[in-house]
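*Asks:* The structure is given below, and queries will be raised subsequently.
Read-outs throughout are calculated quantities, based only on the coordinates presented, and are distinct from any laboratory measurement. Because the structure is predicted, anything quoted here is derived from the model rather than measured. Reconstructed Cβ throughout: ideal geometry from the backbone, glycine too, with neighbour counts over all protein chains shown.
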Amino acid sequence: MNTPLVPNSKNEGISVSVVVYRPDAAQFAQTIGSLAAAYDTFRSARPDVPLHLYVVDNGGFDAEANTLDAMSGQGVECTVVAGQGNVGYGRGHNLAIERAASRYHLVLNPDIDLDQQAIIRAVEFFESHPDVGLLTPRIGDEDGHIQYLCRRYPTLLDLFVRGFLPASARRFFAPRLARYEMQDVINECDIVWDPPIVSGCFMLFRTSVLKELAGFDPRYFLYFEDYDLSLRTHEVARVAYLPAVRVLHHGGGAARKGSGHIRMFAASAFKFFNRFGWKWL
C-alpha cells in the first residue's frame with residue numbers, strides 16, 4: 001500500500017522541472033502562474049507538503065525577471081540551474097532530476113497551463129494506485145479540444161503524415177492517424193491504462209521510478225526523448241492516462257518550426273527506431 005504524503009518523511013513533497021531556451025516571457029509567466037495556482041489548491045488540502053521548482057536555463061532566460069515571484073511568494077523553493085549551455089531537452093531535465101529529493105517529480109513544458117485541480121487530483125490518484133509510476137493528463141488545445149498525445153508505437157509513415165503533410169493531404173490518412181493517436185480509447189472521462197507512449201509536455205512520475213530509469217536518455221537532443229522514456233517506464237511501473245487531471249498545451253509541431261527542427265526531428269527518430277525497432281508502414 002502506498003504511503004500518503006506526510007511531512008518530515010524521506011523523499012517527501014513534489015519537485016517540478018521546466019527546461020527553457022529563449023522562452024517567451026509572457027507564456028512562461030503564464031505557465032508558472034498556473035503552477036502556482038494548482039499548488040495553492042493542493043496546499044489547501046496538504047499544507048505541509050513542500051514543492052521545489054527547478055528552472056533549467058539552456059540559454060536566454062532572464063533569471064532577474066519577476067516570473068518566479070508567484071512561486072517564491074508561496075514558500076516554494078525555486079532553483080535556477082544555469083551555466084551548462086544548451087544541452088538539450090532531456091539532459092536539461094536530468095540536471096533537475098539528479099537534484100530532486102521528492103516523492104513525485106513533474107516534467108513540465110514552459111507552454112503548459114495547469115488546471116487548478118491538477119496537482120491534487122494527480123497525487124490522490126497516485127496514492128490510490130501504488131503500481132502507477134507515470135501519469136499523463138487530458139491535454140487540451142487553446143480551443144478546448146483534446147490533443148491526442150498518447151500514442152501507439154509509430155511507423156515512419158505515421159510520423160511523416162502527422163508531422164509534415166498539409167491538412168488537405170492528411171485527411172486521406174485519417175483512420176491511420178486516429179489509430180496511432182489512440183483516438184479510439186482516449187476521451188474526456190475514461191482512465192486508460194498503459195498507453196505505450198505519452199507526451200513529454202507533462203509527465204508526472206514517482207521520483208523513485210524516474211531515478212531508477214536514470215531520467216531521459218541524453219543521446220536525444222530534442223524530440224523522441226519522451227517516446228524513449230515512456231517505453232522504458234513500462235518495464236518498471238504502470239502508466240495511466242487520467243482525464244480528471246487537465247492541462248492546456250500551447251505547443252506546435254516540428255514542421256512548423258523550420259528546417260533546423262526538422263533535422264533534429266529526423267536525427268532523433270533515427271536514434272529511436274535504431275533502439276526500439278524499425279516500422280516502416
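*Asks:* Between Ala45 and Arg263, what is the label-to-label distance in nm when each label sits 7 Å out along the Cα-to-Cβ direction?
*Replies:* Spacing of the two 7 Å Cα→Cβ label points: 4.8 nm.
*Asks:* Over the alpha carbons of the chain, what is the largest minus smallest coordinate on each principal axis, giving the biggest first in Å?
*Replies:* Result, largest extent first: 54, 42, 36 Å.
*Asks:* When DSSP beta bridges are limited to those with both residues in the chain, what percentage is antiparallel, rounded to the nearest 5?
*Replies:* Taking every DSSP beta bridge with both residues in the chain, the antiparallel ones total about 35 percent.
*Asks:* While we're here: Length gain on complete extension for the stretch Gln183 to Leu156, per 0.36 nm per residue less the alpha carbon to alpha carbon distance?
*Replies:* Numbers: separation 27, 0.36 × 27 = 9.72 nm, distance 1.91 nm.
Taking Gln183 through Leu156 to full extension adds about 7.8 nm, to one decimal.
*Asks:* Any idea what angle helix 259-276 forms with the longest principal axis of the chain, computed on alpha-carbon atoms, 0 to 90 degrees, nearest 10?
*Replies:* On a 0 to 90 degree scale, this one is about 90.
*Asks:* Quick one: angle between helix 25-45 and the longest Cα principal axis of the chain, in degrees between 0 and 90, rounded to 10, please.
*Replies:* With rounding to tens, the tilt is 50 degrees.
*Asks:* Would you please name the GluC sites (Glu not before Pro) within the range 47-136 that are DSSP coil residues with at most 16 other C-beta atoms within 10 Å of their C-beta?
*Replies:* Listed in order of number, the matching sites are Glu64.
*Asks:* Moving on to the next point. Just want to confirm a number: the relative contact order over the range 1-154, from Cα pairs under 8 angstrom separated by 6+ residues, in percent.
*Replies:* 34 percent
*Asks:* How far is the Cα center of the range 157-175 from the Cα center of the range 58-109, in Å?
*Replies:* Taking the Cα centre of the range 58-109 as reference, the centre of the range 157-175 is 35 Å away.
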